[in-house]
Amino acid sequence: MEGIFHQLLVGFGHVFQPVNFLVLVIGIVLGLLVAVLPGLTLVMGVVLALPFTYSMNVIPAIILLTAMYVSGTYAGAWTSILFRVPGEPIDVPLLWDGYPMARRGEAAYALGWTLVSALVGGLFAAIVMVLLAQPIAKIALTFSTPEYFAILFFGLASVVSLGGSSLANALISLFAGLLIATVGVDDTYGAHRFTFGVPLLADGIDYLVVMVGAYGLGEVFIRMEHGFKSPQLEAVGNIRTRLPRWKEIMAAKATFARGSATGVIVGLVPGAGATVASFLSYGIEGQYGRRRDKMGTGIAEGIIAPQTAATSSVGGAIIPLVTMGIPGSGATAIILGAFLLHGLQPGPQVFQTSSHIVYSMFASVFVGILVMCLIGYFATKFLVKVLELPEVIVSAYVVMCCLLGAFAARNNITDVWLMVIFGIVGYLFERFRFPITPLVLGVILGPLAESAFMTTMISYSNDWTIFFTRPVSGPVMAIAIITLIYPVFRQLRRRMKNA
C-alpha cells in the first residue's frame, strides 16, 4: 500500500509540472466545450485531439486526453438542463429531472447538484481506480457478451418502468426506438433492413439525430404551440450558483453510493462506458430509490444518479485499460492508441516498466476532476443568465444547435431532415402522452444489445439459456425480468383494490 501512495505522489509531481498542468487545464476546457456542442461527442472530441499528441511526450499526451475524457462526462449537463438539448447520450437521463427543475426556476440548484455529483462520483472512482485496479480487473476479465447483454437488457427494462403512467405507451415507445435502430445494414450478416431501396438509409439513422430532434426540436414545437409563453420563472438576477447544503447531500448519500458503484462496475465492462452507466443508474434509482415514485418530476436524485455514474465510469474504464490493455469505453480506446503511438503497451507489465506514466494518469484524474468542478462552479452563474433572454430567442438558439448538431454528426443534409422529422415525432409523443425516453433509449442501446446478443448466439451455438446459466448474467437477467414484470403486477394489484 505504501508503494501505491508513493507512486501516486510521484504522479502528482508530474501533473503539477507547469507544462503538464497547463496541458491538463487545456484538456479540461476542450472537453467542456466538446460536451456542450450537440454533434461533437466525447469520443469524437478525444479523437480530434489525438493528432496533436503525436509530437508531445507521453505523459502530457496521456494527461491531455484523460482530462478531456473526465470533463466530457460533465458539461453536457448544461445544455440538457437549461435547453433540453443533450450534447450526447450520456446527458439524456439528466434532462428528465434537470429540465423540469430549470423550468421551475431552479436551474442553478440543478446545476449545483450536477457539480457535486460529478465531484463525488469522480473522486470515488479515482480512489477505487488507484486502490483496486488489479483485483477488479481480474473480475471484469470474466465478463463476456452474455454479461454485457444482460446489463443492457436490465438498462432497457428498468427505464421502461419510468416511461410514464402507462406501461403500454412506454413499451410502444421503446419498441419504436428499437425498430428505428435496426434501419440500415446488419452488422452481423450484412443484410439491408428497412432501407426500402433508399441508399441514404443504408447507413442507418444516427442516434444523435433522433435524440436531438425528439428532445430539442420537439420541445421547441411544444413551446411554439403555446406561443412561447411558458410559466414565469424566478427572476434571473436573483439566481446564484446554488450548491446543495451538507444536510441535503447527506440525505442523498444512498443515491450517491448507488450511482458511483454502478458507474465503476459498468465502466469495467469493455464497450459499455458512461452512456450505459448513466441510463442504468437512473433506472436503478427509479426502482429502488427513496423517492422513486417522483423520478422524472424534477428531483435531485434524478440528477445525482446519472451524473455520478457517468463520471465514475471514467475510473472504471481506465482500470482494464492500464492493467490488461482492454479499453472499457470508446474514449479509453483512443487513449490506448496514444499509449501505443508512444511505444507503450498497457498491461500488467506496464506497472513494472512505466509505472510513473500510469500513476501520472491516475493523478491527472484526481486533479482534472477538481479543476473541472472549479471551472463549472464559476461558469454556472453565467450560464443561468441565459434564462433571462426571451423564450423565442432561446428557442431560436436551440433550433440552431439542433441543426448544426444533426449536420455535424455525419456531414449529411439528410440527417437534418431526419432530425426535423423526429422533432415532429417528439412533439406528437408529447401531445399524445407517449414518453420520449424509451424511444431514445431504444435507439441508443438497441444496437449495442443486438450486437452482444448476436455475438453470444454465434459463440454459444444459439443456446439462449446461456444468459440464465452464467453466474453473473443469470442474476442480472432475473432482476431485469422482475423489473419489467413488477409494474404490471403493481397495476393489477391497484385495479383489484379499486374494484
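The values are calculated or read from the model by the stated rules, or taken from the named source; none is laboratory data. If you're wondering where the values come from, they're calculated on a predicted model, not measured in any experiment. For neighbour counting, all protein chains shown are included, and Cβ atoms are generated from backbone atoms with ideal geometry for every residue, glycine included.
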Notebook entry, point to check: Which one of the conditions (1) crowded, with 17+ Cβ neighbours inside 10 Å; (2) modelled with pLDDT of 85 or more; (3) aliphatic (A, V, I, L, M); (4) farther than 30 Å from Ile4 by Cβ does Val394 fail to meet, given that it meets all the rest?
Noted result: (2)
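Working only within the range 274-300, note down all residues that are among the charged types (D, E, K, R) and within 16 Å of the chain's Cα centre (by Cα). Walk me through how you get there before you give the answer.
The initial filter retains those residues of the range 274-300 that are among the charged types (D, E, K, R), namely 285, 290-294.
Glu285, the sole residue that qualifies.
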Next item on the list: Please list, ordered by first then second residue, the pairs with beta carbon atoms under 6 Å, 6 or more apart or interchain, first in the range 398-421 and within 17 Å of Asp203 (Cα to Cα) and in a helix (DSSP H, G or I), second at pLDDT below 75 and not acidic (Asp, Glu).
Entry: Ala408/Gly39; Ala409/Gly39; Ala409/Leu208; Thr414/Leu200; Asp415/Ala409
Item checked: Glu430, sole failed condition from (1) farther than 28 Å from Thr262 by Cα; (2) assigned to a helix (DSSP H, G or I); (3) modelled with pLDDT of 85 or more; (4) of a type in the set (Asp, Glu) -> (3)
Next item on the list: Quick one: Val264 ticks every box in (1) modelled with pLDDT under 85; (2) surrounded by 22 or more Cβ atoms within 10 Å (Cβ to Cβ); (3) farther than 27 Å from Pro435 by Cβ except a single one, so which number is it?
Entry: (1)
Margin query: Condition first: closer than 16 Å to Ala181 by Cβ, of a type outside the set (Ser, Thr, Tyr) and surrounded by 22 or more Cβ atoms within 10 Å (Cβ to Cβ). Now tell me which residues in the range 420-443 satisfy that.
Written below: Phe422, Ile436, Pro438, Leu439, Val440, Leu441, Gly442, Val443
Margin query: Pull out all pairs, ordered by first then second residue, where Cβ-Cβ is under 8 Å, the residues are six or more apart or on different chains, the first lies in the range 1-29 and is aromatic (Phe, Trp, Tyr), and the second is surrounded by 15 or more Cβ atoms within 10 Å (Cβ to Cβ) and at pLDDT 85 or above.
Written below: Phe12/Ala363; Phe12/Phe366; Phe12/Val367; Phe16/Val367; Phe21/Val15; Phe21/Val367
Next item on the list: Taking only the range 381-391 into account, find how many residues are under 26 Å from the mean Cα position of the chain (by Cα), at pLDDT 65 or above and under 16 Å from Tyr99 (Cβ atoms).
Entry: 0
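Looking only at the range 72-103, filter to residues that are assigned to a helix (DSSP H, G or I) and among the small types (Gly, Ala, Ser); which one of those is modelled with the highest pLDDT?
Filtering the range 72-103 for residues assigned to a helix (DSSP H, G or I) gives 72, 76-83, 89-103.
Those still in the list that are among the small types (Gly, Ala, Ser) too: 72, 76-77, 80, 98, 102.
Values: Gly72: 81, Gly76: 76, Ala77: 78, Ser80: 80, Gly98: 84, Ala102: 81.
Residue satisfying both the conditions and the ranking: Gly98.
Name the single residue, out of those in the range 186-212 being in contact with a strand residue (DSSP E or B) (Cβ under 9 Å, 6 or more places away or on another chain) and charged (D, E, K, R), that is surrounded by the fewest Cβ atoms within 10 Å (Cβ to Cβ).
The initial filter retains those residues of the range 186-212 that are in contact with a strand residue (DSSP E or B) (Cβ under 9 Å, 6 or more places away or on another chain), namely 186, 191-195, 201-205.
Imposing the further condition that a residue be charged (D, E, K, R) reduces the set to 186, 193, 203.
Values: Asp186: 12, Arg193: 14, Asp203: 15.
In this case the residue turns out to be Asp186.
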Margin query: I'm checking my understanding of the structure. Among residues of the range 31-62 that are in contact with a Gly (Cβ under 7 Å, 6 or more places away or on another chain) and in a helix (DSSP H, G or I), which one is modelled with the highest pLDDT?
Written below: Gly31
Next item on the list: Among the numbered conditions (1) surrounded by 14 or more Cβ atoms within 10 Å (Cβ to Cβ); (2) at pLDDT below 80, tell me where Val183 comes up short.
Entry: (2)
Next item on the list: Would you point out which residue out of Gly328, Gly337, Gly296 is in a loop (DSSP other than H, G, I, E, B) and modelled with pLDDT under 75?
Entry: Gly328
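Assess whether Phe468 counts as being without any contact (Cβ under 8 Å) to a residue 12 or more places away in the chain and assigned to a helix (DSSP H, G or I).
Details: without any contact (Cβ under 8 Å) to a residue 12 or more places away in the chain: yes; assigned to a helix (DSSP H, G or I): yes.
Criteria met by Phe468.
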Note to self: When you scan the range 350-361, do you find a residue that is of a type in the set (Phe, Trp, Tyr) and either modelled with pLDDT under 80 or in a loop (DSSP other than H, G, I, E, B) (or both), even just one?
What the structure shows: yes
Margin query: Just to be sure before I move on: is Val116 in a helix (DSSP H, G or I) and in contact with a Phe, Trp or Tyr (Cβ under 6 Å, 6 or more places away or on another chain) in the structure I sent?
Written below: no
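Given the options Phe366, Phe378, name the one that is part of a helix (DSSP H, G or I), modelled with pLDDT of 85 or more and either over 26 Å from Gly216 (Cβ atoms) or not charged (D, E, K, R) (or both). Steps first, answer last, please.
Values: Phe378 fails: modelled with pLDDT of 85 or more.
The conditions single out Phe366.
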